[in-house]
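For reference, the structure is listed below as C-alpha cells.
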C-alpha cells in the first residue's frame, strides 16, 4: 500500500513543469510589451485619423463660410442696384436724381483671407493643371477689398447727394429734382460739387456692376475647385460645399449682372471748358 502511494506521488511530481527563465519571465513580459505596443499603435492611428477628419471638416466649414459671406455681400449689391436698374439713361444728372440714398447699413467684408491657404496649389504643375483663377488668394482678397471700397464710395456718394440736394432745395423747395439739367445744377449749386458727385456716382455704379459679375463667377466656380482640396469622400455624413444653385439670391443676381448703360459726359466736359475759359 505504501509502495503504491509512493508511486502515485512520484507520478504527480513528474507532471509538474520544470522551471524556465524563458517560460516564467520572458514570455509574460514580451506578451505584455507587444500588447501595449499594439494598443498604442491602434490609439495613435485612431488619433491621426480623427485629426485628419477634423482638418478636412475645418476646410469644408471655411469654404462654406466664404460662400455664405459672399452671398451676403452679393445681396447687399443687389439691394443697391435694385434702386436704379432699368432707370439709368446717359444723362449724368438724371443718373444722380434717380438714385436716392443708396445704402442704409454698411456691412463690410471681414473674413480672414489666410484661412483659405488650403486652396493654394501645392506645386506649379498643379497650378497649371487647375488653371482656376479662384485658386489665387490674391484674386479673392482683391475682390473683397474692392467690395469694401465700393461701400465706401457709395457712402461718399450719399453724403455728396445729400449736400447737393440741400443746395437745390434751398432754391427750389421740394421740386428741386423735377426738371433739373446739368447746366441748372451747376448754376444752382456749384461746379465743384456737381463734378465730384458725378464722378463718385459713376464710380459706384461701375464698381457695383463689376463686383456682381465677379461674385457670381466666384460662387459658380469656387466650390468645384475647393472640392479638389477637401477629402469630401470622408465627409459624406458630415456635409458638403454649398453651391450657388442652393440659394435663390443667385437667380436674382443673374438678372442684374448686365452692365449699366454708360454715361455721356460730353456736355459736362463742354461746360467745364467754358467755365475754365
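Quick note: the coordinates plus some simple rules give every number you see, no bench work behind them. It should be emphasised that the depicted structure is a prediction, and the values quoted were computed from it without experimental measurement. Note that each Cβ is placed from the backbone with ideal geometry, even for glycine, and that neighbours are counted across all protein chains shown.
Report the extension gain between residue 235 and residue 133 in nm, rounded to one decimal, defined as 0.36 nm multiplied by the number of residues separating them, less their alpha carbon distance.
Here the answer is 34.1 nm.
Could you tell me the calculated FRET efficiency between residue 118 and residue 248, based on Cβ-Cβ distance and R0 = 45 angstrom, to the nearest 0.05?
Efficiency, from the Cβ-Cβ distance: 0.95.
Where in segment 195-214 does the amide nitrogen come within less than 18 Å of the point 7 Å from the Cα of residue 183, taken along Cα to Cβ?
195
Using 0.36 nm times the number of residues separating residue 152 and residue 85, minus their current alpha carbon distance, what extension gain do you get?
That pair, residue 152 and residue 85, stretches by 22.1 nm at full extension.
What FRET efficiency comes out for residue 72 versus residue 192 if R0 is 51 angstrom and r is the Cβ-Cβ distance? Round to the nearest 0.05.
The formula returns an efficiency of 0.90 here.
Between segment 65-125 and segment 206-256, how many Å separate their Cα centres?
15 Å
Under a crude label model (7 Å from the Cα following the beta-carbon direction), how far is residue 172 from residue 100 in nanometres?
1.7 nm
Quick one: 181, 232, 144, fewest Cβ neighbours within 10 Å first, how do they rank?
Ascending number of Cβ neighbours within 10 Å: 181, 232, 144.
Which order do 202, 110, 258 fall in if you start with the one that has the fewest other Cβ atoms within 10 Å?
110, 258, 202
So, R0 is 35 Å and r is the distance between the beta-carbons of residue 111 and residue 269; what FRET efficiency does that work out to, to 0.05?
0.30
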